[in-house]
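One structure is given here, and the rest of the page talks about it.
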Amino acid sequence: MRKEPKHTRRYKVVKSRNQEKVIRNVNKLQHKTEKDRRFNSSKTYDRKEKQSKIVVGKNANEGLKAATLTRVRVFHVTRLSPDTTEQCLTTYIKSKEMNVSECVALKARHNSYASFKVSVTTTEDNGFDCIYDASFWPVGVMMRRYFEDKVHKLQND
């Protein structure tokens, strides 16, 4: 029987328990990433590519007319003088060529100022841009979007 030289002999590699755990975890992670890759390559991503294009008409000479969209936004206007009335604020906003559909006085936290909930309507795409401009409002008046508190809304219904 012929003996192999030492450098060609095959030695059994002994793995520690930690090495075996690491190898198992790596194999699990590879399996999970393959699953994720297969899941993410489904048709959900193809839908975005196949979405139809939106076309907005520009021809004004035809007999058809587009519907005018009326946009409504509600604003919270505060830090007004305590003697300011709903009529006074409505007149001021209308003088700036904005349409006010509703103006309601709110109970302010302090008696030193007045607060209002104002609903403004427009048919223009950028019709609310001027109301967000600081030069629209008097010095010191604060304005922001009004969001109804869900708790109060449920109690009022």
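The values are calculated or read from the model by the stated rules, or taken from the named source; none is laboratory data. The shown structure was predicted, so the numbers you read here are calculated from the model rather than taken from an experiment. No Cβ is skipped: glycine too gets one built from the backbone with ideal geometry, and neighbour counts run over all protein chains shown.
Tell me, which strands (runs of 3 or more DSSP E) wholly within the stretch 75-150 include 1 or more residues that are surrounded by 12 or more Cβ atoms within 10 Å (Cβ to Cβ) and among the hydroxyl-bearing types (Ser, Thr, Tyr)?
99-106, 114-122
Starting from the stretch 90-103, take each residue that is modelled with pLDDT of 95 or more and list its partners that are of a type in the set (Phe, Trp, Tyr), counting only C-beta distances under 8 angstrom and pairs at least six apart or across chains. Correct list of pairs: Cys103/Phe116.
Take the residues of the stretch 61-74 that are part of a loop (DSSP other than H, G, I, E, B) and of a type outside the set (Ser, Thr, Tyr): which is modelled with the highest pLDDT?
In the first step, residues of the stretch 61-74 are kept if they are part of a loop (DSSP other than H, G, I, E, B); the result is 61-70.
Next, only the ones that are of a type outside the set (Ser, Thr, Tyr) stay: 61-67, 69.
Values: Asn61: 74, Glu62: 70, Gly63: 79, Leu64: 81, Lys65: 80, Ala66: 79, Ala67: 81, Leu69: 85.
Among those that are part of a loop (DSSP other than H, G, I, E, B) and of a type outside the set (Ser, Thr, Tyr), it is Leu69.
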